[in-house]
Amino acid sequence: MNLPKAKRIKANLFIAEKQLLLGQAADFLLGFCLSQARLFDEVSPFAVALTAAARRENILAAFTGSCLGFLLRFNSAATVRQLAALTAVFTINYIVARTGLMKRARLLPPFNAGICTALTGFTVLAAQGFDINGFMVYLCESVLSFGAAAFFYEAQSVTAPILKKESLSQKQITAFLVSFCMLLMSLEGLELAGISLARIFAVFAVLCASKYLGAAGGCVCGGSMGFAMSLGSRLPFLGSAYTFGGLLAGLLAPMGQLAQASAFAICNAVVVLMNTGQQNLMPALYEAAVATVAFVLLPKKLFDRFSVYFTGRQKLPEFEMMKKALLLRFKNVGKGLDEVAEAVEKIAQNMVKLDSQRDDTQSREIKQLVRDQFSSLAMAVEDVSHELADETCFDTVTAARVEAVLTSYGIKPNNIICSKTGEVERIEISAQKIRGKLSRAALMEDMEAACGYKLNSPTIREEDRETQLTFIKKPRFNLRIGKAQFTANDGSLCGDSCDLFLDKDGNQIIVISDGMGTGPRAAVDGAVAAWLFSKLIVAGLNFDSALRLSNSALIVKSEEETLATIDAAKINLYTGVVSFFKAGASNSLVCKGKKVYKYGNPSMPLGILREIEFDKDETTLSRGDILLMMSDGVSTSAYPIIVKELRSFNKKDPSALAERVVEIAKTSNGQSHADDITVIAVAVG
């Protein structure tokens, strides 16, 4: 039992160490690059700001990279001053981080960078004699250092959502954009035949911002990039060229990449040609041309892949969206309960009619069962309420894009709900009745482009006047499932019943129900128990509520004793966690490598007691693991042979494994087998 957990911990530690090393390497390189920037013809304070904003574990890496960069370009007293400011910032940051004198505060990095830059500058001014121009330069430099540290600190928060493929907030996008501007400013000196690679990247960034963020994003990014590039290159017209180019490209974003690039290139050319008195104009035209051509040639799918970071996924306070989610979910629950009620009514027609001589004990039992039904229904509604109260995010931006996709296929949606709960992202669509044939492959491709992640094939539910489609994010794991059955007493119905389906949260559900005994009576009991339980889970109830309702239905089904077991497994395809729910069922086996683990304890079947609970257990599956679920027709005496079979299984065909286990169970007691057998084998991939 400890082996999977130990492996998981070891894997997580390896990932954490890898991310730590990558973060330190990134801060080292950033410090080295930012130390090359020039401002006011002197060394800039950007590397100082980066060291002030660095995370605790990356402080030394940022400091070392910045020092190395300053020393390699040591050419003035300004370098000595920046080294002094850098050392002061590093010392303060390191002491605070190591001693924990104060918690990491948002204002500490900018104040640390700004004050240290100002103190070193004013010290030089005091030694050389007061000069108003020098005073203003050092004051501006300290303010710039303060602001740069604030942006660097905020930009670090983009790492987590990028790794999780979640959208970035407006604040994170702004911080990352400004930080990127400062980095490009420091790299502007990298030229090839007079063409600056940094300015090419600047133009490309403006075009991307206009594509993802529209006119406002293109204008802001263009202004920021133009200002940064004009400071280093002494080409002041770049600010207006990039700003107006970004604005126009953003306005034309709905028309495609070619229209955006053309608009930017024309605007840039007009502004450049209006500044004919400036020198080195041609490189600016070449740089814009290279960036716009690269922007046009990149495939649309690549841009769609990154669009997830700009979709603005959020928790919605709007009442209408929450109301739609509630109505859709309760509608599904109500429909499931209606189907169950119809089935119970048909079963009740076959009950022995109650006459006036029924004693008080029987009457009390009926009243108690009715009360149990109402109690179970109340719990079911409460389950749904609790689920909707969970940390669920609703995404209106993706919903708008999905609506556009559906409309292009002639589908008229009534409601579209894009939501995320935990690891599960889903799109629930209620549309007018779909007529005619659709290209499912093309629809899937466009839907994936709209939402920014891979999808499973949709579940489709047809009703009188509408069609309901549910798309779920493609999970991390895939399962290969094999099933085998043996019916005792040849010619009779099998007393075992099983069901396999995906629930609304993308979990693989496996249900085996064993009606006690063999033949038609056991077959009816097993089928009723499995059907009721599965239908309630599909409707949205949790396992405990579904168990209580199924148990009450079996008790009222007949005056005679009606017994059935429930053996259910819920496999989370995103995390690998499998939960076992057993009511009178046999053990399940899980093979991890060469070790086999047993799950399940003695419990009561359905149809005996009004109060019933599952025996519960869980473990975490990994790729290559095998899960084996068996009805009680497989005796415990056969388990040692089955365990050997599991250890030697080649993991290729779970159906062959299930059939082999059935054969082992049939011959384990050396005589004709007297009970039905059901075996389900699951291979995790």
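The values are calculated or read from the model by the stated rules, or taken from the named source; none is laboratory data. Please read these numbers as outputs of a predicted model, since none were measured by experiment. Ideal geometry is used to build each Cβ from the backbone, glycine not excepted, and the neighbour counts take in all protein chains shown. With ligands, DNA and RNA removed, areas are computed over all heavy atoms of the protein, side chains included. Shrake-Rupley method; radii C 1.70, N 1.55, O 1.52, S 1.80 Å.
Results, tabulated for the structure shown:
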quantity: Heavy atoms of residue 57 accessible to a 1.4 Å probe, total area in Å² rounded to 10; calculated: 90
quantity: With all protein chains modelled, accessible area of residue 96 [1.4 Å, Å²]; calculated: 30
quantity: Gain upon complete extension [residue 19, residue 503; 0.36 nm per residue less C-alpha separation]; calculated: 170.8 nm
quantity: Region 569-658: GluC sites (Glu not before Pro) falling in loop per DSSP and having at most 16 other Cβ within 10 Å; calculated: 611, 613
quantity: Heavy-atom SASA rank of 677, 173 (probe 1.4 Å, accessible area, largest first); calculated: 173, 677
quantity: Carbon plus sulfur fraction of accessible area for region 406-470, probe 1.4 Å, in percent; calculated: 45
quantity: For region 583-660 versus region 130-194, the gap between their alpha-carbon centres in whole angstrom; calculated: 57
quantity: Ranked order, 168, 621 - accessible area, probe 1.4 Å, largest first; calculated: 168, 621
quantity: Accessible-area value, residue 636, 1.4 Å probe, nucleic acids and ligands omitted, Å²; calculated: 100
quantity: Contact order normalised by residue count of region 169-245, Cα under 8 Å, 6+ apart, percent; calculated: 26
quantity: Candidate residues 305, 73, 199: accessible-area rank, largest first, probe 1.4 Å; calculated: 305, 73, 199
